[in-house]
Amino acid sequence: MAGIVQEQWSAAENGNATMTAKGSSRELRHGGRTAHSMSSSSLRKKSDLRVIQKVPYKGLKEFLSNLQEVILGTKLAILFPAIPAAIIGTYCGFSQPWIFGLSLLGLTPLAERVSFLTEQLAFYTGPTLGGLLNATCGNATELIIAILALTNHKVAVVKYSLLGSILSNLLLVLGTSLFCGGIANLRREQRFDRKQADVNFFLLLMGLLCHLLPMLFGYVGNGETSADLIADMSLSLSRASSIVMLISYIAYLVFQLWTHRQLFDAQDQEDEFDDNVEEETAVIGFWSGFVWLVGMTLVIALLSEYVVATIEEASESWGLSVSFISIILLPIVGNAAEHAGAIIFAFKNKLDISLGVALGSATQIGLFVVPLTIIVAWILGINMDLNFNLLETGSLALSIIITAFTLQDGTSHYMKGLVLLLCYIIIAICFFVDKLPQKQPNAVHLGHQLMNNVAAAVGEGVFSS
């Protein structure tokens, strides 16, 4: 009897050990992975290293193996030749619109490879630090372009590009994901976890408030209020609000990676007890991944410099306004890999990942990249505020509200995605026909002051009569 009890105890102990091992492997597999990295993984392909393994020299073999994994390990590898083409074209006298187009194409695979490399480093740093690394580097391309544009005093380009990134994530990426997912799953009701979406919308609405208040300063002044005073008030409020936004983003990271991590792991529930899921391991070493990440970041910085330097020439040559190129074209091309991954997961009825990509990226841009650029501009002595003007701020506000209403019931169908896509098309047409000059300082205040002057004149006429 004692032997039977001992055998049962041993069997139960072995079973618990097996479950613990599976849980550890699942944590290793998903640890440090965000929706950004999971969406980009859908564009990766396995590398065949059989030929490289025959190389006799260890150092050369390791270099070729890393080259195979980093450069050829993506379905977007066909776009890598655009990088040397843009660099060569700069020194060979290519027209600037060509350099602009080639640089945009070259940024597309680089953004996906940065996500891959941060995920590789996460295998060595652990799930928490790896998730923080993924969250920080998730929108490295937008941040680099914004900072380089700031150094060139192109504040309008910075505001347009960051606004475009938020709009494309909320309407284009999410809309395409919901539409394609709904078409591919017509006979199935698509559901997602609302808790994660609610957190993102709370933060986006708070960021919207920080954009609205500096703009509304233009309406609170009267005809005697100077434009310089309103500009100083808007600038001071923007800088203070940026600090608050960064604090809220840090709190969001703590909420996402530590205290309420289970809310953001909903996309892993389908794989939690699936023993057939292939285990993922690091394919390159830590220091190799770190060196490749630094190199990729430097190349992104170089191509971003080309984009910033040639955007006006491309605008004139193509007959498109700078606002349209910055708000529509830059986000679409720069985040194409991440967007495609979100759509692929929507096809597979994994909307939690698609929502994590779209809403998570919009939140990161709105509460991290935007206020950080304000702080950087402050350090550089450049006056940049959170007033994105009436048309741009109105588009942002309506996009957040429409998307929030679309996701309020936790279910999805293709009609919701179609409406979001149509809203994005309307906004794109709006900026396509917008031919107003880029820089109109205090345009809202001047318009309001003009209305006050007209009203005063009419009032004087009425009372005098």
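The values are calculated or read from the model by the stated rules, or taken from the named source; none is laboratory data. Treat the numbers as computed from the prediction; the structure is a model and nothing was measured. Neighbour counts are summed over all protein chains in view; Cβ atoms, including those assigned to glycine, are modelled from backbone coordinates with ideal geometry. Quick note on the areas: whole protein, heavy atoms, side chains included, nothing else; ligands and nucleic acids left out. Shrake-Rupley method; radii C 1.70, N 1.55, O 1.52, S 1.80 Å.
Observations on the model:
- Normalised by 2.2 N^0.38 Å, with N the number of residues, the alpha-carbon radius of gyration of segment 284-394 equals 1.32.
- Shown are E189, E142, whose ranking by accessible area with a 1.4 Å probe and every protein chain present, most to least, is E189, E142.
- Checking the cross-link pairs K195/K348; K75/K195; K154/K350; K75/K348; K75/K350 against a 30 Å limit on the alpha carbon distance flags K75/K195; K154/K350 as lying beyond it.
- Short to long, the 5 Å bins of the Cα pair-distance histogram for segment 320-369 hold 5, 20, 20, 24, 17, 10, 4, 1 percent of all pairs.
- Nonlocal amide H pairs with S412, under 5 Å, H built at 1.01 Å: Q190
- Residue among L167, L178, V244 farthest towards the positive dipole end of segment 137-267, charges placed on Cβ: L178
- Full extension of the chain between E189 and T259 yields a length gain of 22.1 nm, computed as 0.36 nm times the residue separation minus the alpha carbon distance.
- Of the whole protein surface, H211 contributes about 10 Å² of accessible area at a 1.4 Å probe radius.
- Accessible surface of W378 - all protein chains present, 1.4 Å probe, nearest 10 Å²: 120
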